[in-house]
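**Student:** One structure coming up, written as structure tokens, with questions to follow.
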Amino acid sequence: MAKSDQGVISSADLIVSGVPVYGATRLTSPADAIAIKDGRVHEVGRQDTINRYKGADTKIIQPQKGCVIPGLIDGHAHMDREGLKKILPSLDGAESKEAVLDAILLEVAKKKPGEWIVTMPIGTAPSYVETQEFDESGYPDRHDLDQIAPDNPVYIRAIWGYWRARAPLVSVANSKALELAGVGPKTPPPSDQVEIAKDAKTGLPTGVFLENTMMPIVELTLLSCVPNFTYDDRLQGLRRSMSIYNSFGTTSVFEGHGVASDVITGYHTLSQQGKATVRANLILSPRWSGVTETGLAEHLRDLADWLARQGYNSEFLNISGLYAEIDEEKANWVRASAAPQTGWAGFNYDCGLPRKALKEVLLEAARLKMRVSCIFATVAELFEEVHREVSIDGLRWSWGHLATLTDDEIKRARDLGLVMVTHTNRHIRKMGSNHRQRLGAEMENQIVPLRRLLDAGVPVSLATDNVPPTLFNPIYHAVARRDENTGEVVAPEQKLSREEALHCATWGGAYLAGQENHVGTLEPGKLADLVLLNDDLMSVPEDEIPNLHAEQTIVNGKIVFENNAS
């Protein structure tokens with residue numbers, strides 16, 4: 001026990017001191033120490049005050065530099081995807097056809113004849129951008145693969161298109177893989193977005209598939225015989241994903257795009273095993289295939305009952321609603337034919353409905369007091385129609401992937417009590433200048449208008465969309481507003497301060513998940529989810545913000561990640 005003039009004071013389990021502590025919203029003066037006890041924040045303040053909680057068994061962390069912040073909360077994470085990237089052999093760094101073949105040859109040596117060889121896509125992680133050598137004629141074809149793997153079926157997977165944000169997607173199969181898949185000269189493409197490349201002289205497939213879309217179709221249809229992710233892959237990948245997100249200071253996620261049942265089961269398993277290190281707030285990705293229009297409301301009630309019976313909600317897992325989308329792409333129903341396999345997605349492709357049918361579902365969701373999440377403005381418009389008939393007040397329906405917003409849309413979000421979730425990796429970092437060119441300089445303040453949203457009193461959560469998984473990119477985008485392709489500062493009037501950006505990446509995510517009373521700020525009594533960073537977020541040069549990472553990440557008062565390289 002530690003002692004003070006007031007008597008005996010219970011000693012803390014952990015004290016971090018000597019660096020600035022941010023996100024302790026109720027303090028009136030700067031803090032440089034925090035005490036943790038029984039998995040919760042005990043006190044935040046100055047070192048001389050916090051030192052009174054030192055006891056014989058108190059763990060003390062006194063870094064030379066950095067800062068302490070609340071655990072980051074990713075409002076649209078797709079976290080399950082990240083760990084899957086290590087399941088398959090990598091072609092990362094292979095910048096020519098020859099280098100790709102050399103990498104696959106190494107895999108051939110590990111396999112028995114007849115065993116599948118399935119690799120990651122061509123290109124350099126995390127965006128999987130190929131070098132200029134990989135135009136259509138530069139990719140390996142089935143003959144190239146046959147020469148190095150005559151006895152094994154080989155398939156080079158397609159990229160998940162949003163990693164790179166441009167089409168076409170390219171995948172390659174050798175002759176044995178084509179034979180097993182039954183793909184020949186007369187095989188029709190499964191969609192008009194798919195091209196089966198053919199030899200100009202013989203008319204035979206070259207083994208190269210081109211997909212003019214962002215979400216692969218070929219591996220779920222023509223090449224569905226290729227081994228895809230197993231449940232064990234997803235489980236192990238999810239555990240690896242949590243460690244990766246922890247390394248960037250993320251302690252909670254909200255999956256606003258919805259997740260399929262096998263991903264939910266993976267989260268539940270890790271939670272039950274006590275191996276979860278990221279709090280997961282999930283939205284269900286529904287499957288509408290086979291549900292008649294007259295049975296939509298009943299099916300939704302069944303889903304709600306199913307979720308309640310599973311007993312999923314726990315300290316590290318909460319499932320609170322469903323994802324909503326207006327079905328506008330016929331190819332999604334083609335992809336859905338592979339269910340329950342979803343490939344990279346982790347969500348169901350048949351999660352969308354025609355507008356009229358979706359409105360019926362949303363009305364029933366409002367009656368059931370269910371959360372609803374969307375990523376398209378067309379669905380957000382539907383939210384308003386639903387609200388006129390059945391109130392959604394207090395339900396915190398959310399609108400993600402924010403690109404551009406008019407004054408009317410911001411007013412709608414405020415009046416409906418929506419929580420807005422960003423996708424700055426795409427709409428500032430990659431496409432900010434494109435939006436500005438399309439809208440014109442006089443309307444650029446519509447582009448991811450963070451300042452306008454906060455000034456209107458609309459809660460905002462920052463998000464990564466897993467491209468890449470660090471929330472320090474979105475924090476930087478909110479502060480700097482810079483398009484990395486052009487160097488242009490986009491809509492500078494919409495900049496946030498570093499303190500505001502951190503608040504959106506912590507409290508904003510907690511509010512989105514309905515957990516602001518438990519996490520999101522460092523206040524006595526709240527769960528001890530916090531991060532010691534490698535540098536000071538508030539003083540590091542602006543362009544260094546994306547390079548920030550965790551030295552220690554603490555969840556429930558326990559260190560779940562430690563940077564051993566330091």
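**Student:** Taking the solvent-accessible surface of protein heavy atoms with a 1.4 Å probe, what is the per residue accessible area of the chain in Å²? Write down the numbers at each step before the final one.
**Tutor:** On the way: 22730 Å² over 566 residues.
For the chain, the per-residue accessible area is 40 Å².
**Student:** Further, regarding this structure: Out of 428, 450, 374, whose Cα points farthest toward the positive end of the dipole of the range 372-467 (charges: +1 Lys, Arg; -1 Asp, Glu; placed on Cβ)?
**Tutor:** Farthest along the dipole direction, towards plus: 428.
**Student:** When the convex hull of the Cα atoms of the range 90-176 is projected onto a plane and the area is averaged over all directions, what value comes out in nm²?
**Tutor:** Working: hull surface 20.1 nm².
Mean orientational projected area (the range 90-176, Cα hull): 5.0 nm².
**Student:** Given the peptides 86-99, 478-491, 358-371, arrange them by the average over their residues of other C-beta atoms within 10 Å, most packed first.
**Tutor:** On the way: 86-99: 15.9, 478-491: 18.5, 358-371: 20.2.
Averaged packing, sorted descending, gives the order 358-371, 478-491, 86-99.
**Student:** Given only helices, namely DSSP H runs of n ≥ 4 each adding -39500 (n - 2.57), what is the per-residue ellipticity at 222 nm of the chain, to the nearest 500 deg cm²/dmol? Walk me through the intermediate numbers first.
**Tutor:** Numbers: 18 runs with 163 residues, N = 566.
Roughly -8000 deg cm²/dmol at 222 nm, from the helical runs in the chain.
**Student:** Rounded to two decimal places and with Rh computed the Kirkwood way over Cα pairs, what is Rg over Rh for the range 395-544? Present the calculation step by step, with values, prior to reporting the outcome.
**Tutor:** Numbers: Rg = 15.2 Å, Rh = 15.7 Å.
The Rg/Rh ratio comes out at 0.97.
**Student:** Would you please put 458-465, 512-519, 383-390 in order of how densely packed they are, using the mean number of other Cβ atoms within 10 angstrom per residue and starting with the highest? Mind showing how you got there, number by number?
**Tutor:** Values: 458-465: 27.1, 512-519: 20.6, 383-390: 15.8.
Put in order of decreasing packing, that is 458-465, 512-519, 383-390.
**Student:** How would you rank 62-69, 78-85, highest first, on the average number of other Cβ atoms within 10 Å across their residues? Write out the running numbers ahead of the final one.
**Tutor:** On the way: 62-69: 18.0, 78-85: 23.6.
Going from most to least packed, we get 78-85, 62-69.
**Student:** Can you work out ³J(HN,Hα) from phi for every residue in the range 98-108, in order, using Karplus 6.51 cos²θ - 1.76 cosθ + 1.60 and θ = phi - 60°, giving whole Hz and x for Gly and Pro?
**Tutor:** 4, 5, 4, 5, 4, 5, 6, 4, 5, 6, 4
**Student:** Any idea how far the Cα center of the range 144-195 sits from the one of the range 211-265, in Å?
**Tutor:** About 20 Å separates the Cα centre of the range 144-195 from the one of the range 211-265.
**Student:** If all Cα-Cα distances of the range 135-179 are sorted into 10 Å bins from 0 onward, what percent lands in each bin, rounded to whole numbers?
**Tutor:** Values per bin, smallest distances first: 28, 45, 24, 3.
**Student:** Determine, from the Cβ-Cβ distance of residue 442 and residue 391 and an R0 of 30 Å, the FRET efficiency 1/(1 + (r/R0)^6), rounded to the nearest 0.05. Show your work: numbers first, answer last.
**Tutor:** Numbers: r = 37 Å, r/R0 = 1.23.
Given R0 = 30 Å and the Cβ-Cβ separation, E is 0.20.
**Student:** Another question, if that's okay. Take every Cα-Cα pair in the chain and report what % of them are more than 43 Å apart. Don't skip to the answer; put the middle values down first.
**Tutor:** Numbers: 36458 of 159895 pairs.
The share of Cα pairs beyond 43 Å in the chain comes to 23 percent.
**Student:** Quick one: which of 201/430; 85/369; 59/85; 85/411; 65/526 span more than 32 angstrom between C-alpha atoms?
**Tutor:** Table pairs above 32 Å Cα-Cα are 201/430; 85/369; 59/85; 85/411.
**Student:** Whole-Hz Karplus ³J(HN,Hα) for the range 408-413, in order, using 6.51 cos²θ - 1.76 cosθ + 1.60 and θ = phi - 60°, x for Gly and Pro?
**Tutor:** Working through the residues one at a time gives 5, 5, 5, 4, 4, 4 Hz.
**Student:** So how far, in whole Å, is the C-alpha centre of the range 493-566 from the one of the range 298-331?
**Tutor:** 29
**Student:** In the chain, carbon and sulfur make up what percent of the accessible area (probe 1.4 Å)?
**Tutor:** Working: 10770 of 22730 Å².
Carbon-and-sulfur percentage of accessible area, whole number: 47.
The values are calculated or read from the model by the stated rules, or taken from the named source; none is laboratory data. Here the structure is a predicted model, which means the values were calculated and not measured. Counting neighbours? That spans all protein chains shown, and the Cβs are built from the backbone with ideal geometry, glycine included. The protein model used for the area step is the full one, side chains on, heavy atoms only, and it has no ligands, DNA or RNA in it. Shrake-Rupley method; radii C 1.70, N 1.55, O 1.52, S 1.80 Å.
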